[in-house]
Amino acid sequence: MSDERAEEYRRMLRWYPAEWRRQNEDAIIGALLDEDDAARRSRPVLANRMSLVAGGLRQRFIAPERRSIANLIVLSAATALSLFYFTITWAPGSRYAGSIGPFSNPSVITGVLLIAAFVLALCGRGKTARLLAVLGIVAEIAVGALSQTFDWQGPSPYTVVLFAGLGLLAATPPTLSLVKRVAATAIVLLLVIPRPRPSSRMRKSRTTPRPEASRLRRVARISSSGKVAGKVAGKIRAESASEVGRAGQGCRDARGGIAPGRVELRLGEEERLREVCAAQLGVTQVGADEIGRAEVGTPEVGADQVGTPQARPAQVESGELGPHEVGAGPDLLLHPAALRHSSTHQLAHP
Amino acid sequence: MVTEMREPTFWVLTVLATGRRHGYALIQEARELSGGRVDLKVATLYAALDRLGQQGLVAIDGDEVVDGRLRRYFRLTDDGAQQLEEQIVRLEANAREARARLRLRPATPLSASAATIGTTA
């Protein structure tokens with residue numbers, strides 16, 4: 001009779017970690033059987049069954065474990081990164097695929113998870129913290145893959161590596177040797193080091209306060225060859241060159257050469273790049289440029305293109321540059337499809 | 001500063017103060033001493049003993065097999081005895097303070113005076 005009960009308890013004790021069972025299984029079963037005998041019970045009562053499930057889960061996930069200093073350091077770094085990420089992706093009011101709440105990038109989900117993991121680790125809940133770090137890795141990779149697939153605003157591969165790498169370090173059990181941890185950190189850092197430039201650029205761009213600072217800004221770098229690399233502040237993926245590239249052609253100096261430099265645009269301001277260039281790069285005179293040609297050449301867009309989506313951004317450009325206000329709002333420019341079309345248009349009219 | 005000790009912990013340490021006990025005996029005595037308020041489940045007791053063991057307040061004091069059934073004994077460590085002492089001092093100080101204040105309670109019950117104010121208003 002007691003054997004049956006003992007077997008039943010043994011089964012229930014599988015909720016506990018194996019290590020714990022090795023040390024305590026026989027002793028706890030002995031106490032349970034003592035209690036059952038004293039109460040003349042031939043079967044385990046529900047209260048004991050439930051408390052064994054709860055106790056096992058607790059032992060597995062939230063039993064206080066020694067705080068791992070290494071994990072805390074990693075998680076504090078992850079928290080610092082996440083907080084920084086919140087500030088650069090803070091863009092309330094902007095709405096497009098990939099924006100989440102007041103943030104412009106879904107990677108903030110990972111940030112929230114890692115910060116929660118940090119708080120839990122501080123409270124001595126190392127195991128739950130590690131579980132959250134694992135969720136953070138999953139979220140970051142999922143967000144990265146989804147945004148690449150569906151062309152959302154999403155994290156750049158570097159950001160994915162950075163977040164997922166820190167998550168991985170935080171998720172490794174504290175029993176892992178220090179050497180292995182340091183090696184893993186070094187690998188992650190090596191992957192990350194080529195990256196700091198964009199973030200420092202963004203920091204600099206933040207030092208010039210602007211009206212409507214909360215609006216998403218674009219930072220365009222114009223090289224002397226005329227190539228324009230663009231970046232939406234907070235959008236780590238730097239694939240937006242085409243979005244500002246066409247406007248960047250407007251930055252020419254007095255002799256008609258291209259004026260290299262870095263300009264900062266608020267969203268919807270691409271079409272005024274000539275003025276912005278003049279103000280920010282100190283270009284005294286803006287020569288003939290692609291936008292100008294587009295303006296002049298609007299009738300040349302061609303009958304076949306009138307009414308097609310390609311024609312619309314051209315109208316917006318000429319409308320905002322010229323005296324004739326077409327009246328299209330910046331919303332149109334925000335639309336990734338419209339932006340793509342307009343860059344296509346640009347390529348068609350070199 | 002002495003932090004408050006939860007009642008199950010307090011009674012586990014108190015039971016162990018008189019000597020080593022095995023799991024079920026601990027549960028039984030804690031229930032009796034607390035006047036039935038602390039009715040520990042075996043799983044809860046073992047979680048508590050785990051924690052107290054990590055804190056160095058209790059220690060395993062040998063296993064004994066009785067009728068093919070394992071009985072694990074626990075004892076109070078010196079640190080545990082000191083913690084319990086600190087709790088007693090804290091609880092006594094609390095009780096003294098409460099007792100002294102209760103003696104100074106005004107003769108008229110507050111509820112009665114509140115009722116008087118209520119009717120005159």
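General observations
- Applying a threshold of 6 Å to beta carbon distances and a minimum spacing of six or more residues, or different chains, the list of pairs starting in region A:46-61 at a residue that is under 16 Å from B:LEU40 (Cα atoms) and assigned to a helix (DSSP H, G or I) and ending at one that is small (Gly, Ala, Ser) and open to solvent by 20 Å² or more (accessible area, probe 1.4 Å) reads A:GLY55/B:ALA47.
- Any pair with Cβ under 6 angstrom, 6 or more apart, that starts in region A:18-33 at a residue that is more than 7 Å from chain B (Cβ to nearest Cβ) and buried (at least 18 other Cβ atoms within 10 Å of the Cβ) and ends at one that is in a helix (DSSP H, G or I) and not aliphatic (A, V, I, L, M): A:TRP20/A:GLN59; A:ILE29/A:TYR9
- Every residue from region B:36-83 that is closer than 19 Å to A:GLN59 by Cα, basic (Lys, Arg) and either part of a strand (DSSP E or B) or away from every other protein chain (no Cβ under 14 Å) (or both): none
- Check on B:ARG21, among the basic types (Lys, Arg) and either within 12 Å of chain A (Cβ to nearest Cβ) or in contact with a Gly (Cβ under 6 Å, 6 or more places away or on another chain) (or both): yes
- Condition met for A:ARG130 (modelled with pLDDT of 85 or more, basic (Lys, Arg) and either under 29 Å from A:ILE69 (Cα atoms) or touching a strand residue (DSSP E or B) at 6+ places or on another chain (Cβ under 9 Å) (or both)): yes
- Region B:87-99 - residue that is loosely packed, with under 14 Cβ neighbours inside 10 Å and not small (Gly, Ala, Ser) and, of those, nearest to B:THR9 (Cα to Cα): B:ILE88
- Residues within region B:15-67 that are among the basic types (Lys, Arg), open to solvent by less than 70 Å² (accessible area, probe 1.4 Å) and in contact (Cβ under 8 Å) with a residue 40 or more places away in the chain, tallied: 1
- Matching option when the condition is surrounded by 20 or more Cβ atoms within 10 Å (Cβ to Cβ), at pLDDT 85 or above and within 14 Å of another protein chain (Cβ to nearest Cβ), among A:GLY136, A:GLY55: A:GLY55
- Positions within region A:1-17 being open to solvent by 100 Å² or more (accessible area, probe 1.4 Å) and free of Cβ contacts under 8 Å to residues at least 12 places away in the same chain, in sequence order: A:ASP3, A:GLU4, A:ARG11
- Residue within region B:104-114 that is open to solvent by 90 Å² or more (accessible area, probe 1.4 Å), of a type in the set (A, V, I, L, M, F, W, C) and in a helix (DSSP H, G or I) present: yes
- Taking region B:51-81 as the range and being modelled with pLDDT under 90 and under 17 Å from the mean Cα position of the chain (by Cα) as the test, the residues that pass are B:ARG51, B:GLN55.
- Conditions (1) within 14 Å of chain B (Cβ to nearest Cβ); (2) modelled with pLDDT under 85: number failed by A:THR87: (1)
The values are calculated or read from the model by the stated rules, or taken from the named source; none is laboratory data. A quick note: this is a predicted structure, and the numbers were derived from the prediction, not measured. Methodologically, a virtual Cβ is constructed for each residue, glycine included, from the backbone with ideal geometry; neighbour enumeration extends over all protein chains shown. Areas reflect the complete protein model, heavy atoms only, side chains present, ligands, DNA and RNA absent. Shrake-Rupley method; radii C 1.70, N 1.55, O 1.52, S 1.80 Å.
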